[in-house]
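Everything on this sheet refers to the single structure shown next.
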Amino acid sequence: MLRQLYIKNYALIDELDMRFQSGFSVITGETGAGKSIILGAVGLLLGQRADSKTVKTGTEKCVVEAHFDLSRYEMQPFFEQNDIEYDAADTIVRREMTAAGKSRAFINDTPVALAMLKELGERLVDVHSQHQNLLLGQHNFQLNVVDLLAADDAELAAYQQTYHRYEALAREVQRVKEDMEQARQNADFMQFQYNELSDARLCDGEQEELEQRSDTMTHAEDIKSALYEASTALSADETGVVVGLRKAVNALRSIDRVYPDAAELAERLDSCYIELKDVDAEVDSKLEDVDFDPAELESVNARLDKIYNLQKKYRVDSVAALLAIQQELEQKLQAMENGDETLAELQRQMDETHQQLAAEAEALTEKRRAAARKIEQQMQARLMPLGMPHVRFAVQMERQDFGSCGQDKVVFLFSANTSTPLQPVAQVASGGEIARVMLALKVMISGAVKLPTIIFDEIDTGVSGKIAEQMAHMMAEMGQADRQVISITHLPQIAALGTVHYKVYKEETQQGTVSHMVMLGSDERVNEIAQMLSGSDVTDAAIQNAKELLRFASEE
């Protein structure tokens, strides 16, 4: 639960350092005093979007930091999974924001992404503001309430896993059908293309080899002339390089006895002689190989023309690409032949999955129906003391097509009196009635979900007197079950029932308007509640009334 809240340079707050207690606490203050500012700061810790405009004018950075005691809430796995140091007695959540718009988040001094901060925040604090009453008009919210109280996590997870598999199979069946239909429409053309490429008997690498052969035969005379000239220069009887080199070697050998240095020179020249003699033999061999054959040249060029035409037709630039197209066509034709079998197998899997989906949806529905009956009973029992003695509340479950959360559409029906038929609560309930319905729902939900801290932001809108007192008792009840409940209120009946009372107020300074928050002592609390009762002019009667409210609250 929230133990300490520190705010610096946020909106109208210079610096605020407040400690909070367990149980039921209240926060009061005049409209515009800064209660919403404090809630906005808490929202930053819960991962809400930051706005640089909320950084106090004239400062560079604002800081919002909260300390939580999580020792009773079994949250260690979250910290271990995210590699964050765990301190159950003092978990620190911090958000920093600069005037330039940069924002950073920390959990126990470990920098974290905003998504992780939000994930932890949803498990630490539930802020119920007036706009949340609009959720009563959303079927998803109503279904989520039923699921929470049905404790059907396992059944819902199993159903959703099957549902996703069923959807994947349905998409695959549709894709295969479309491919088969398209294949049937293009079957003749694809077969013609495949036959054309197959009949060409293409081989990867043959284009390069054919192009080389064509160039060689086209320039055969030039090649033979150059090779002949090279051969003559190497091996002519009197002037050839090979013959001259042999003579040089022999000359050096003849003096190596009397001139030892000649032996090394002879060895080096002899190596050159052997290499040149080998080159000469290869030149002669190639000279014999090079020949101009018009018929062969015509055949090579005809083959190349066929390859070039195919490449142009299929808009590729290599034989390898043509072979890839041929393989793809072969696969499509083969798939078309096997398409009926593939489709039948997919349809069989889809039918089996559909049966499993229906069974799991029914199991989910059964748990929801059982929870719905309990919700109806508990809501009736909780709403009657809140000024609705003839209230009726029903959970209507309608069957619909399979969806990601089952086959159930949940609608909360409401009637405040016996003469009015049950209708969707968002359509017929007044603002005050909706506030009471939401409070009753929150009481039920809090029993099913272990949330350390719940903050009610003026949930008492549209109610007063005894009804407000009953609402306060409900919130106090919630705060007795290892939970912290904080209510921001304008009603003295609720303020009197808080075990701890905080006040938010504004002060005009030389630097401008500044918001403060303080914990009230006994006398201060009497004056605050008296002011809530009578307005700015506190009367003796208001003070006496405030004391009575506090005395009654302490006796209950």
Handout entry: Those aspartates and glutamates that a straight Cα-Cα span of less than 15 Å connects to K374, excepting residues fewer than 8 apart in one chain
Key = D147, D152, E366
Practice task
Please report, to two decimal places, log10 I(q)/I(0) for region 224-331 at q = 0.15, 0.24 Å⁻¹ as given by the Debye formula with identical point scatterers on the Cα atoms and no solvent.
Solution key: -0.77, -1.15
Exercise for the section: Report the paramagnetic label zone for K506: residues of region 1-40 whose backbone N is under 11 Å from a point 7 Å from Cα along the Cα-to-Cβ axis. Expected result: 12, 30-35
Fill in the blank from the handout: Spelling it out for Q4: with amide H atoms placed in the peptide plane at 1.01 Å from N, the residues 5 or more places away or on another chain with amide H under 5 Å from its amide H are F20, H67
Problem - Normalised convex hull volume, region 27-138, alpha-carbon set, Å³ per residue - result: 146
Exercise for the section: Kindly list the residues of region 479-494 that lie in the label zone of K450, defined by a backbone N under 15 Å from the point 7 Å along the Cα-to-C-beta vector. Expected result: 481-484
Fill in the blank from the handout: Taking T239, T110 and ranking on accessible area (1.4 Å, protein atoms only), highest first, one gets T239, T110
Problem - Nearest 10 degrees, 0 to 90: helix 114-124 Cα axis against the chain principal axis - result: 30
Completion exercise
quick note, the chain, DSSP beta bridge pairs, % antiparallel (nearest 5) is 75
Practice task
Please give the direction-averaged projected area of the C-alpha convex hull for region 388-480, in square nanometres with one decimal.
Solution key: 7.6
Problem - Alpha carbon Rg of region 72-196, scaled by the compact-globule rule 2.2 N^0.38 Å - result: 1.86
Handout entry: Reported label for calculated semi-axes √(5λ) of the Cα gyration tensor in Å given [x] 52, 29, 19; [y] 47, 29, 18; [z] 89, 39, 20
Key = [z]
Handout entry: region 279-431: radius of gyration and largest Cα-Cα distance (Dmax), Å
Key = 39.1, 119
Exercise for the section: Enumerate the calculated ³J(HN,Hα) couplings along region 453-461 in order (Karplus 6.51 cos²θ - 1.76 cosθ + 1.60, θ = phi - 60°), each rounded to whole Hz, writing x wherever the residue is Gly or Pro. Expected result: 9, 10, 10, 9, 9, 6, 5, 7, 4
Fill in the blank from the handout: Here the longest stretch of the chain that holds no trypsin sites (Lys or Arg not before Pro) in a DSSP loop having at most 13 other beta carbon atoms within 10 Å is 316-556
Practice task
Express the C-alpha Rg of region 471-556 as a ratio against the empirical globular expectation 2.2 N^0.38 Å, rounded to two decimals.
Solution key: 1.20
Problem - Helix 153-199 axis, angle to the chain major axis (alpha carbon atoms, nearest 10°) - result: 30
Problem - Placed amide H near V112: partners under 5 Å, 5+ positions off or other chain - result: A105, F106, I107
Practice task
Taking amide H positions as placed in the peptide plane 1.01 Å from N, state which residues far from F24 in sequence (5 or more) or on other chains have amide H under 5 Å from it.
Solution key: V485, T499
Practice task
Evaluate E = 1/(1 + (r/R0)^6) for Q356 and E181, where r is the Cβ-Cβ distance and R0 equals 30 Å; express this FRET efficiency to the nearest 0.05.
Solution key: 0.55
Exercise for the section: Describe numerically, in nm with one decimal, the distance between label points set 7 Å from Cα along Cα→Cβ at E288 and at A157. Expected result: 8.3
Practice task
Specify the angular offset, from 0 to 90 degrees and rounded to the nearest 10, of the alpha carbon long axis of helix 319-383 from the longest principal axis of the alpha carbons in the chain.
Solution key: 10
Exercise for the section: Using Cα positions and a limit of under 25 Å, work out the lysines in reach of K306, with same-chain residues fewer than 8 apart set aside. Expected result: K332
Practice task
Could you pull out the pairs from K8/K35; K442/K503; K35/K442; K61/K102 whose alpha carbons sit more than 20 Å apart here?
Solution key: K442/K503; K35/K442
Exercise for the section: Sequence neighbours fewer than 8 away in the same chain don't count; with that in mind, list the lysines whose C-alpha is under 29 Å from K286. Expected result: K224, K247, K277
Handout entry: Relative contact order (%) - region 455-543, alpha-carbon pairs under 8 angstrom, separation at least six
Key = 23
Practice task
Above 18 angstrom, tally the Cα pairs of region 14-76 and express them as a % of all pairs, no decimals.
Solution key: 51
Completion exercise
Whole-percent tail of the Cα-Cα distance distribution for region 291-371, cut at 17 Å, equals 72
Fill in the blank from the handout: Expressed to two decimals, region 124-272 has a Cα Rg over Rh, using the Kirkwood radius, of 1.63
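The values are calculated or read from the model by the stated rules, or taken from the named source; none is laboratory data. Model, not experiment: these values are computed from the prediction. FYI the Cβ positions are ideal-geometry reconstructions off the backbone, even for glycines, and counts take in every protein chain you see. Surface areas here come from the heavy atoms of the whole protein model, side chains and all, with no ligands, DNA or RNA. Shrake-Rupley method; radii C 1.70, N 1.55, O 1.52, S 1.80 Å.
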